[in-house]
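The values are calculated or read from the model by the stated rules, or taken from the named source; none is laboratory data. All values derive from a computational prediction rather than experimental measurement. When we count neighbours, we look across all protein chains shown, and the Cβ atoms used for this are built from the backbone with ideal geometry, even at glycine.
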Amino acid sequence: MASIIPVNLPQSAYNITIAPGSLDSLGAEMQSLNLGKNVMVVSNPAIFRHYGERAIASLKQAGFTVSSCILPAGERYKTLSTLQKIFDAALENRLERSSTLVALGGGVIGDMTGFAAASWLRGIPVVQVPTSLLAMIDAAIGGKTGVNHPKGKNLIGAFHQPRLVLIDPEVLQTLPPREFRAAMAEVIKYGVIWDAQLFEQLEAAKRLDRLSYLGKDLLQEILVRSCQAKAHIVSKDEKEAGLRAILNYGHTIGHAVESLMGYKGVNHGEAVAIGMVAAGHIAVELDFWEHSASDRQFTLIQKSSLPTQIPAGLDIEEMLMALQSDKKVKSGQVCFVLPTQIGAATVTDQVPPDLIRRVARRMQAA
């Protein structure tokens, strides 16, 4: 059964469609958007091997002329030099302003394809077809696109809303278990900052560390409620002028950990889990949050088999310096998203560096 969630933006409204088997309807879904006939699918080798033929067959059946661009997999390739490969392929396949890029993959493919669409010919349509749970509930929605700089994550980018987000839960069957667990960090995030009912549903589940333990009903609930949360927040604040900043919960320290680890050893969701634990401790220390609520969050993160400690080799002083390069810094002050209760959060720049240092040292693995 399909769920359709609207993202109500004045200039660029679109739908998130969640339906099992919907990958085979990609062409028909795009046909209804009155897009140009020239389409280029951007993917990575593993995803394209699993789903490329189906996506292309659906597009061709709907009358589209289809080309493809295959990029190397992994966060470390989310760079300007990799982006150049999309531009080269766009030129080779004569993509015009009416042409469309289709992002078939996880968050890295979605972010880079979206940024390529935002900048090719100063903006062409993009359709997001996320194949990882993390991309389905977060990265594919909201129009944040970009690439990493060696000194920081997602420092180069643009807001560019997709024309459609098409989610087929069945493609998660090929998602590696580690990638599934990483996505659960973002699901828990939505529960903490926005949706207490989702948080309680996660608490009621016996295990959260493998897709097979969820069951179809809980998976559908996770997808729908997470997408509804993201859609609502983005509709209220498209370009992160206020409310949308709460979506960065766990990301402040998380991004610093990722960057200092060279985007190796710790993936995005794992880093966000570490960042949420840290933010929870900071919120308790500042009397923003009850200790019991922080414990409940910690239990869910553990239930998802996600890390809760800062890696042993990471230099805490370097981490504090990295926080100053974060794109959320304002007037030299690091902004933290801190929970105030299960289902609500606030943004503050009043977190003393000594407190961050103390919490980080307490969390560091021996």
*Pair list, Cβ under 7 Å, 6 or more apart: the range 284-306 residue over 25 Å from Pro176 (Cβ atoms) and not assigned by TED's automatic domain parsing to the domain that holds Gln341, other residue polar (S, T, N, Q) and outside any helix (DSSP H, G or I)*: none
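For the range 103-125, check the following and say yes or no: at least one residue is part of a strand (DSSP E or B), touching a strand residue (DSSP E or B) at 6+ places or on another chain (Cβ under 9 Å) and among the β-branched types (Val, Ile, Thr).
Here is the first cut: in the range 103-125, the residues part of a strand (DSSP E or B) are 103-105.
Now restrict to residues that are touching a strand residue (DSSP E or B) at 6+ places or on another chain (Cβ under 9 Å): 103-105.
Narrowing the set further to residues that are among the β-branched types (Val, Ile, Thr) leaves none.
No, the range 103-125 has no match at all.
Would you be able to say whether some residue in the range 138-148 is among the β-branched types (Val, Ile, Thr) and over 22 Å from Gly21 (Cβ atoms)?
From the range 138-148, those among the β-branched types (Val, Ile, Thr) are 141, 145, 147; that's our starting set.
Still in the running and over 22 Å from Gly21 (Cβ atoms): 145, 147.
Checked the range 138-148: at least one residue is among the β-branched types (Val, Ile, Thr) and over 22 Å from Gly21 (Cβ atoms).
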*In the range 72-94, what residues are of a type in the set (D, E, K, R) and in a helix (DSSP H, G or I)?*
Glu75, Arg76, Lys85, Asp88, Glu92
*Is it fair to say Gly242 is more than 26 Å from Thr17 (Cβ to Cβ) and at pLDDT below 95?*
yes
*Pairs, please: C-beta under 6 Å, at least 6 apart or cross-chain, first residue modelled with pLDDT of 95 or more and in the range 83-101, second exposed (fewer than 13 other Cβ atoms within 10 Å of the Cβ)?*
Arg97/Leu121
*Of the residues that sit in the range 258-279 and are buried (at least 24 other Cβ atoms within 10 Å of the Cβ) and modelled with pLDDT under 95, which one is farthest from Ala229 (Cα to Cα)?*
Glu258
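So, in the range 163-209, exactly how many residues are of a type in the set (A, V, I, L, M) and part of a helix (DSSP H, G or I)?
From the range 163-209, those of a type in the set (A, V, I, L, M) are 164-167, 171-172, 175, 182-185, 187-188, 192-193, 196, 198, 202, 204-205, 208; that's our starting set.
Checking which are part of a helix (DSSP H, G or I) leaves us with 171-172, 182-185, 187-188, 192-193, 196, 198, 202, 204.
Going through the range 163-209 one residue at a time, the tally reaches 14.
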*Matching residues, the range 7-40, being closer than 26 Å to Leu83 by Cα and touching a helix residue (DSSP H, G or I) at 6+ places or on another chain (Cβ under 6 Å)*: Ile16, Leu23, Leu26, Gly27, Val39
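Only one residue in Ile124, Ile141 is under 17 Å from Val234 (Cα atoms), in contact with a Lys or Arg (Cβ under 9 Å, 6 or more places away or on another chain) and either modelled with pLDDT of 95 or more or not assigned by TED's automatic domain parsing to the domain that holds Arg244 (or both). Which one?
The conditions single out Ile141.
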*Output the residue which, of all residues in the range 31-71 that are at pLDDT 95 or above and among the hydroxyl-bearing types (Ser, Thr, Tyr), is farthest from Ser132 (Cα to Cα).*
Thr65
_Residue that is nearest to the chain's Cα centre (by Cα), among those in the range 22-54 that are outside any loop (DSSP other than H, G, I, E, B) and of a type in the set (Gly, Ala, Ser)_ = Ser43
*Residues of the range 234-248 being within 16 Å of the chain's Cα centre (by Cα) and either farther than 16 Å from Pro162 by Cα or of a type in the set (Gly, Ala, Ser) (or both), which ones?*
Glu240, Arg244, Ala245, Ile246, Leu247, Asn248
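Let me confirm something: among Leu219, Leu175, which residue is of a type outside the set (D, E, K, R) and in contact with a Ser or Thr (Cβ under 7 Å, 6 or more places away or on another chain)? Before you say what the answer is, go through the steps one by one.
Working: Leu219 fails: in contact with a Ser or Thr (Cβ under 7 Å, 6 or more places away or on another chain).
None of the others qualify; the one that does is Leu175.
Could you tell me whether Ile316 is touching a Lys or Arg at 6+ places or on another chain (Cβ under 7 Å), of a type in the set (Val, Ile, Thr) and either surrounded by fewer than 15 Cβ atoms within 10 Å (Cβ to Cβ) or in contact (Cβ under 8 Å) with a residue 40 or more places away in the chain (or both)? Let's see the steps before the verdict.
Working: touching a Lys or Arg at 6+ places or on another chain (Cβ under 7 Å): yes; of a type in the set (Val, Ile, Thr): yes; either surrounded by fewer than 15 Cβ atoms within 10 Å (Cβ to Cβ) or in contact (Cβ under 8 Å) with a residue 40 or more places away in the chain (or both): yes.
Criteria met by Ile316.
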*Which one is surrounded by the fewest Cβ atoms within 10 Å (Cβ to Cβ), of the residues in the range 344-366 that are among the charged types (D, E, K, R) and within 14 Å of Gln333 (Cα to Cα)?*
Asp354
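With among the basic types (Lys, Arg) and either over 30 Å from Ser259 (Cα atoms) or not assigned by TED's automatic domain parsing to the domain that holds Val129 (or both) as the only criterion, which of Lys37, Lys85 stands out?
Working: Lys85 fails: either over 30 Å from Ser259 (Cα atoms) or not assigned by TED's automatic domain parsing to the domain that holds Val129 (or both).
The match here is Lys37.
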*Restricting the search to the range 248-267, which residues are in contact with a strand residue (DSSP E or B) (Cβ under 6 Å, 6 or more places away or on another chain) and farther than 15 Å from Leu155 by Cβ?*
Tyr249
